[in-house]
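The values are calculated or read from the model by the stated rules, or taken from the named source; none is laboratory data. Note that the structure is predicted; figures quoted are calculated from it, not measured. Quick reminder, even Gly has a Cβ in these numbers, built from the backbone with ideal geometry, and neighbours come from all protein chains shown.
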Amino acid sequence: MVKFGKWLGGGLGWAFLGPIGGLIGFALGAMMDGQEGVVSQGNIRPGATTQGDFISSLVVLIAAVMKSDGRILKSELDFVKDFFVRSFGQEQAQQATLLLRNILEQNIPIEEVSRQIGQRMDYSARLQLIHVLFGISKADGLVSPEELKTVEKIAYYMGINTGDFNSIKALYSDNLESAYTALEITSDATDEELKKAYRKMAIKYHPDKVAYLGDDLKNQANEKFQQLNTAYEKIKKARGLN
């Protein structure tokens, strides 16, 4: 029997509408074809973003990024599987991976999908999506120009502002200049401006911002928060600050 966990069976609301709904519906149909499967829709309702909406959106966007350079690398797929396991547990990871494999076979209307997410998902959750996409893109050691272009396109149509996008992108570079960009300041900022910028970013990217999506995703968001702290500590060390 094909079983779909709480994030599919009990949570999908707006993801069943529009382009995401079409992609997910096709994938679910392929997964259930010839098998006894149940997707309970008793709790599905349009309205607020649910964990199911977030994960469904994430799987579709991951597929779009993985397809952008015309090849699906094993390193990328292994990274995604590991991410799913760490974020959602073994059973949910298996379901998400099956869903991903089927969506990878489809043509993904990136602009329409991204606009739907931008219209229906809150900003903190959208920032978290972009953060994960950069992690996927760098799974093979570097972000290819095609992958970067796709992530930029997704961010643009989701309504992510340029400063926030550049801040997240900078978290995946190791140089000092990128650490400043991650905090949305320049290297000529004063020490006081540095501290103020860090406090501002710490509030913006705090894991509690996405706590409503469940503990699994909140814990995953903590990784991004730690990257921000690392950038701050790198600048403090370079300046000789305590």
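Residue count for the range 65-77 under the criterion of being in a helix (DSSP H, G or I) and polar (S, T, N, Q): the result is 1. Of the residues in the range 98-120, not one is surrounded by fewer than 17 Cβ atoms within 10 Å (Cβ to Cβ), under 22 Å from Asp215 (Cα atoms) and in the same structural domain as Lys149 (by TED's automatic domain parsing). Kindly evaluate Ile235 against the criterion of being within 30 Å of Phe84 (Cβ to Cβ) and assigned to a helix (DSSP H, G or I). No, not satisfied. Restricting attention to the range 68-93, the residues that are out of contact with any Lys or Arg (no Cβ under 9 Å at 6 or more places or on another chain) and surrounded by fewer than 17 Cβ atoms within 10 Å (Cβ to Cβ) total 13.
Matching residues to (1) of a type in the set (D, E, K, R); (2) over 15 Å from Val65 (Cβ atoms); (3) outside any helix (DSSP H, G or I):
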position	(1), (2), (3)
Glu112	yes, yes, no
Val132	no, no, no
Lys138	yes, no, no
Glu147	yes, no, no
Thr150	no, no, no
Tyr156	no, no, no
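All of Gln220, Gln128 fail the test of being under 24 Å from Ile110 (Cβ atoms), in the same structural domain as Leu73 (by TED's automatic domain parsing) and of a type in the set (S, T, N, Q), apart from Gln128.
Matching residues to (1) under 29 Å from Lys67 (Cα atoms); (2) crowded, with 17+ Cβ neighbours inside 10 Å; (3) among the polar types (S, T, N, Q):
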position	(1), (2), (3)
Gly163	yes, no, no
Ser173	yes, no, yes
Glu177	no, no, no
Asp208	no, no, no
Ala221	yes, yes, no
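The numbered conditions (1) at pLDDT below 95; (2) part of a loop (DSSP other than H, G, I, E, B); (3) within 23 Å of Met121 (Cα to Cα) are all true for Leu142 except (3). Residues of the range 184-211 that are part of a helix (DSSP H, G or I) and touching a residue at least 24 places away in the same chain (Cβ under 8 Å): Asp191, Leu194, Tyr198, Met201, Ala202, Lys204, Lys209, Val210. Screening Lys169, Lys149, Lys195, Lys153 for residues that are under 17 Å from the mean Cα position of the chain (by Cα) and either among the polar types (S, T, N, Q) or farther than 30 Å from Leu28 by Cβ (or both) leaves exactly one candidate, Lys169. Within the range 130-159, the residues that satisfy the criterion of being aliphatic (A, V, I, L, M) and out of contact with any helix residue (DSSP H, G or I) (no Cβ under 6 Å at 6 or more places or on another chain) are Val132, Leu142, Leu148. Here are the criteria: (1) touching a residue at least 24 places away in the same chain (Cβ under 8 Å); (2) assigned to a helix (DSSP H, G or I). Tell me which single one Tyr172 does not satisfy. Evaluating Tyr172 over (1) touching a residue at least 24 places away in the same chain (Cβ under 8 Å); (2) assigned to a helix (DSSP H, G or I) leaves (2) as the failure.
Only one of Ile108, Ile62, Ile117 is closer than 17 Å to Leu17 by Cβ and part of a helix (DSSP H, G or I); which? Of Ile108, Ile62, Ile117, the one residue that is closer than 17 Å to Leu17 by Cβ and part of a helix (DSSP H, G or I) is Ile117.
When the range 213-232 is filtered for residues that are touching a residue at least 60 places away in the same chain (Cβ under 8 Å) and either assigned to a helix (DSSP H, G or I) or touching a strand residue (DSSP E or B) at 6+ places or on another chain (Cβ under 7 Å) (or both), the ones remaining, listed by number, are Leu213, Asp216, Leu217, Asn219, Gln220, Ala221, Lys224, Ala231.
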